[in-house]
Amino acid sequence: MAIIPLSDDTPLRRIRFGYVTVAVIAACVGVFLYQLSLPERDGQVFVFAFGAIPSVVFGMAELPAEVAELPGWATLVSSMFLHGGLMHLGGNMLFLWVLGDNVEDSLGHARFVAFYLIAGILAALAHAAVDPGSEIPMIGASGAISGVIGAYLVLHPKAPIKTLIWYFIIWLPAWVVLGLWMGFQLLSAAMATGGEGGGVAWWAHIGGFAAGAVLIVFMRQRDVALFDRDYVAVDHRVLVTRPRAKKDRHSAARKPRPWGR
């Protein structure tokens, strides 16, 4: 089921640019290009060395000395920057490009780094917990990006997102787009057997989404409202800021600004 966000109109209110978001995208693209440069056998060794293998993470197995590059726990981080193909990379990076800067805006640059890594680690652990004895490496940023999706949904459920659904491009509120995406993950996980679902780590997506939705509540900056409480919808794309009451008596004189980038 193709549910792909193409762009959104949610403005950045606290940062000027999503530098961390772009840096993560650049890192993932750089690692993927390096993977492509390797001979086939070396590429497979690279994935086993830096991918998150559940049995290795939990200490139930060990990689051969000539393959092991990192402790098992460290691969929970390194695995986020590897990808299995161009479509795998492109889909993940598109979601991060559209949604990541607004989550980064709500956290600040440094907290967003911590948020992204924690969500990705928890997502990988969720996948590993389903089949802890698995010897198949998990790679990809989708667990961490699922955390970004969960956070965005908690922050901006009413935000209009330009979305590709099959062959149609329409504007839909975030709660519809991301809710459909999450429903598909749950359905796919329920239909999968033995923790495997056609090579897709569905439980990493689910775990990452849940982690992001919870983490954003506690890690966001103090003035960041949840569930679009600062906005009133005018039409499907244009929203108007509702001024928040503050103790400073002069703050009430500020005019609401249109919500659009």
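We did not get these values from a lab; they are worked out from the coordinates using the rules stated. Values in this document were obtained by computation on a predicted structure and should not be read as measured data. Cβ atoms come from the backbone with ideal geometry, glycine included; neighbour counts cover every protein chain shown.
Modelled spin labels at F58 and R222, positioned 7 Å past Cα toward Cβ, are 4.2 nm from each other. Estimated purely from DSSP H runs of n ≥ 4, each contributing -39500 (n - 2.57), the mean residue ellipticity at 222 nm for the chain is -16500 deg cm²/dmol once divided by its residues. Rounded to whole Å, the principal axis extents of the Cα atoms in the chain read 67, 40, 33, largest first.
For the range 1-108, which chymotrypsin sites (Phe, Trp or Tyr not before Pro) are in a loop by DSSP, counting at most 14 other Cβ atoms within 10 Å? Listed in order of number, the matching sites are F17.
P(r) for the range 87-196, from all Cα pairs and a bin width of 10 Å, is 13, 41, 34, 11, 0 %, short bins first. Seen against the Cα atoms of the chain and their longest principal axis, helix 202-219 is set at about 40 degrees.
Seen against the Cα atoms of the chain and their longest principal axis, helix 109-130 is set at about 50 degrees.
Axis of helix 86-107 versus longest Cα principal axis of the chain: the two differ by about 40°, to the nearest ten degrees. Take the Cα of V200, step 7 Å toward its Cβ, do the same at S78, and the gap between the two points is 2.8 nm.
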